[in-house]
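Note sheet for the following structure.
The values are calculated or read from the model by the stated rules, or taken from the named source; none is laboratory data. Predicted model, so just to flag it, every value in this text is computed and none were measured. Cβ: placed from backbone, ideal geometry, glycine included. Neighbour counts: every protein chain shown.
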Amino acid sequence: MQEVIRTVNITRDFMLGKEVIKVLKGISISVKKNEYVAFMGPSGSGKSTFMNIIGCLDTPTSGQYFLNGTDVSKMNDRELAGVRNKEIGFIFQTFNLLPRYTALENVALPLVYAGYSKTERIKRAKEVLEQVGLGDRMKHKPNELSGGQRQRVAVARALVNNPTILLADEPTGNLDTKTSYEIMALFDELHQRGNTIIVVTHEEDIAKHTSRIVRLRDGLIESDVPNTPEKTFLNFVSSQKYLHP
């Protein structure tokens, strides 16, 4: 199967005064197309730093990062911005929606930077909002939506550019248990449709919904094991449909 992500001995150092803090100490990993992976680790493990590198928000101190076969580890800020907009769909814990924009306008925004016409932007944004079950909420602003609906708008925004990977950083951190299950059910549907998904989380019950769990500790990979999603969650998914044909 096609390799989407490959990192080779990635390190990341930070300066704290005159002291060098080694956060990542040599991370080598591969993620195939249509994998559904959870990255886990305690505070200080390096998972957020590694996420920033995978998301092209940061560059490593040493090592290589190949995204769809292209070495992005030495790219400049402008080049990285282009990769982020084209290849990566971000989903954040805090949604990061613009409060004065409608759901439709929030979702269409990445297409502005991609150079799409207004007609194309509106058409595509409507399509993905329909896919995540918000066809009747397109004209609502974030303060008129529930937490789960806002996160689904964020998911639609992440999908709008047909990215190579969806990168979700603590996507259920601000949601109650029921709504968290709804969002994870949505992720499962997206995975079933062929999306490659990486979830960064500290919640065991969220990670157990994925098919692979990678644990980081002290800047190194502690374990990398396949996982069978919990039966109770799959039963929930089978009874709830969040994406429409």
If I filter segment 108-123 down to residues being under 26 Å from Ala185 (Cβ atoms) and surrounded by 20 or more Cβ atoms within 10 Å (Cβ to Cβ), which single residue comes out as modelled with the highest pLDDT? Ala108
Filter segment 45-70 down to the residues that are within 18 Å of Glu204 (Cβ to Cβ) and small (Gly, Ala, Ser), then identify the one that is surrounded by the fewest Cβ atoms within 10 Å (Cβ to Cβ). Ser48
Reported set for segment 76-89 where residues are more than 12 Å from the chain's Cα centre (by Cα), of a type outside the set (A, V, I, L, M) and not in a loop (DSSP other than H, G, I, E, B) is Asp77, Arg78, Glu79, Gly82, Asn85, Lys86
Search segment 1-58 for residues being part of a strand (DSSP E or B) and acidic (Asp, Glu), and hand back the single one that is nearest to Asp224 (Cα to Cα). Glu3
Being under 24 Å from Asn34 (Cα atoms) and either of a type in the set (D, E, K, R) or modelled with pLDDT of 95 or more (or both) is the requirement here; does Glu144 meet it? no
Just name the residue that is modelled with the lowest pLDDT out of those in segment 171-192 that are small (Gly, Ala, Ser) and assigned to a helix (DSSP H, G or I). Ser180
Count of segment 144-192 residues which are more than 23 Å from Val214 (Cβ to Cβ), of a type outside the set (A, V, I, L, M, F, W, C) and free of Cβ contacts under 8 Å to residues at least 60 places away in the same chain: 11
Could you go through segment 149-164 and let me know if any residue there is over 18 Å from the mean Cα position of the chain (by Cα) and not basic (Lys, Arg). no
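Scan segment 8-39 for residues that are over 21 Å from Ala207 (Cα atoms), surrounded by fewer than 21 Cβ atoms within 10 Å (Cβ to Cβ) and in contact with a strand residue (DSSP E or B) (Cβ under 6 Å, 6 or more places away or on another chain) and jot them down.
Answer for segment 8-39, where residues must be over 21 Å from Ala207 (Cα atoms), surrounded by fewer than 21 Cβ atoms within 10 Å (Cβ to Cβ) and in contact with a strand residue (DSSP E or B) (Cβ under 6 Å, 6 or more places away or on another chain): Val8, Asn9, Thr11, Asp13, Phe14, Val20, Ile21, Lys22, Val23, Lys25, Gly26.
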Tell me the residue from Asn76, Asn85 that is in contact with a helix residue (DSSP H, G or I) (Cβ under 9 Å, 6 or more places away or on another chain) and farther than 21 Å from Leu216 by Cα, please. Asn85
Hey, among the residues in segment 90-144 that are of a type in the set (Val, Ile, Thr) and in a helix (DSSP H, G or I), which one's farthest from Glu182 (Cα to Cα)? Thr119
Per-region count, segment 165-181, residues in contact with a Phe, Trp or Tyr (Cβ under 8 Å, 6 or more places away or on another chain) and of a type in the set (Val, Ile, Thr): 0
Flagged pairs (Cβ under 9 angstrom, 6 or more apart or on separate chains; first in segment 11-23, closer than 15 Å to Gly219 by Cβ and in contact (Cβ under 8 Å) with a residue 24 or more places away in the chain; second among the hydroxyl-bearing types (Ser, Thr, Tyr) and part of a strand (DSSP E or B)) are Thr11/Ser62; Arg12/Ser62; Asp13/Ser62; Lys22/Thr11; Val23/Thr11
For segment 213-220, check the following and say yes or no: at least one residue is closer than 18 Å to Ala38 by Cβ and under 14 Å from the mean Cα position of the chain (by Cα). no
